[in-house]
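The values are calculated or read from the model by the stated rules, or taken from the named source; none is laboratory data. If you're wondering where the values come from, they're calculated on a predicted model, not measured in any experiment. Virtual Cβ from ideal backbone geometry, glycine too; neighbours counted across all protein chains shown.
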C-alpha cells in the first residue's frame, strides 16, 4: 500500500507544477513521472490516472490555468490537483499586474486529510516584485485540526513537525539606486489561534553613508485558554563605511490577560558611547492579578454548585406562607 502523500513547500516553490502541466506531455514525460512519484509512491495494486487540462479566460487571454487532476485507487483513494495559474492584467501589452501561482494539493480519503501548498513566483504589481508561500493542512477524522498559513507563523508559535517553511508574503518597492523599500506580512489560522503581522523597512544609501529604518507588528491570539500577545517595534540607524554612527531602537510587548504583562525597551547608541548598555532602558509592568487558580473560573457549573458556600439560606422578614381557614373559602378557588 502506498504511504500517505506529503507535499514539500520547497518542491512547490521550485516550479515543477507548471512544467508538469505542459500542453506537451510527451516532451515533459520524465518530469511528470518524477512529480507524480513524489506524491504517489509506487505500490503494488495501486493505479494512478487523470487528465491534464489547460484553460484560458478572456480575449486576449488574461488568466491561464494549467492543471492536472490525478486519482489513485483502489485503497487508499487519493486525489491530487497539481497546476499553475497565471494572470496578466489589464492586458499582455500593459502588464500592470502579473501573477504566477503554482499549486499542489492532495486529498486522502482513508486518512481524512487535506494538504495544499502554493507559491508565488515571477510576479509583480506595477513593476514591484511579489513573492510568498501558502500552506494548508487539515484533518477531518477523530482529532480534527486545521492549519492555514499565508506567509508563515508568529515567532512564538511552533508549527507541527513536517509543516513546510514558508516565505513571507512580500512586495519589493525598489525606488532606484538610492532607496530600497520592502514590506512583508503573514496571517495564519489554526484550530486554537489567529496570528498576523507585518514589517516595513526603508534603506537610503549615498556612497558609504546610509540611513535605514523600519517598523514591525505581530499579534498572536489563543482561544483556549484565552491569551493575547501583541508586540510592536521600530528602529532607525545611521552608518558610514560600515560603522554605526547613531541608532535608536524601541520595542514593546503586551501579554495577558491573567494578568497583563507589559515589557519593552528603548536603546540609543552613538559612536561616542563606550558601552552600549549604558544607553538601554528596560521596562516591565504588571496590571491585574492571576485568575488561573480561582475555582470560580476553573470549574464548570456542576462543580461550582458542589463547592462549600455555594448554597445559603436567606431568612425572610415576613411570616412566609399563611394558611387561611377553610370556613373562609367559597366554592371559587
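So, residue 50, is that one at pLDDT below 75, touching a strand residue (DSSP E or B) at 6+ places or on another chain (Cβ under 6 Å) and either closer than 23 Å to residue 116 by Cβ or surrounded by fewer than 18 Cβ atoms within 10 Å (Cβ to Cβ) (or both) or not? In short, no. The requirement of being surrounded by 16 or more Cβ atoms within 10 Å (Cβ to Cβ), within 28 Å of the chain's Cα centre (by Cα) and touching a residue at least 60 places away in the same chain (Cβ under 8 Å) is fulfilled nowhere in the stretch 236-254; no residue meets it.
Answer yes if at least one residue in the stretch 206-222 is within 16 Å of residue 116 (Cβ to Cβ), surrounded by 14 or more Cβ atoms within 10 Å (Cβ to Cβ) and either in contact (Cβ under 8 Å) with a residue 24 or more places away in the chain or in contact with a strand residue (DSSP E or B) (Cβ under 7 Å, 6 or more places away or on another chain) (or both), and no otherwise.
no
List the strands (runs of 3 or more DSSP E) that sit entirely inside the stretch 89-203 and contain at least 3 residues that are surrounded by fewer than 16 Cβ atoms within 10 Å (Cβ to Cβ) and either free of Cβ contacts under 8 Å to residues at least 24 places away in the same chain or within 17 Å of the chain's Cα centre (by Cα) (or both).
Strands (runs of 3 or more DSSP E) meeting the threshold: 145-150.
For residue 299, the conditions (1) within 38 Å of the chain's Cα centre (by Cα); (2) surrounded by 10 or more Cβ atoms within 10 Å (Cβ to Cβ); (3) modelled with pLDDT of 60 or more are fulfilled apart from (3). Looking at the structure I just gave you, is residue 270 within 33 Å of the chain's Cα centre (by Cα) and either modelled with pLDDT of 70 or more or surrounded by 13 or more Cβ atoms within 10 Å (Cβ to Cβ) (or both)? Answer is no for this residue.
All of (1) touching a residue at least 40 places away in the same chain (Cβ under 8 Å); (2) within 30 Å of residue 133 (Cβ to Cβ); (3) loosely packed, with under 15 Cβ neighbours inside 10 Å hold for residue 228 with one exception: (1).
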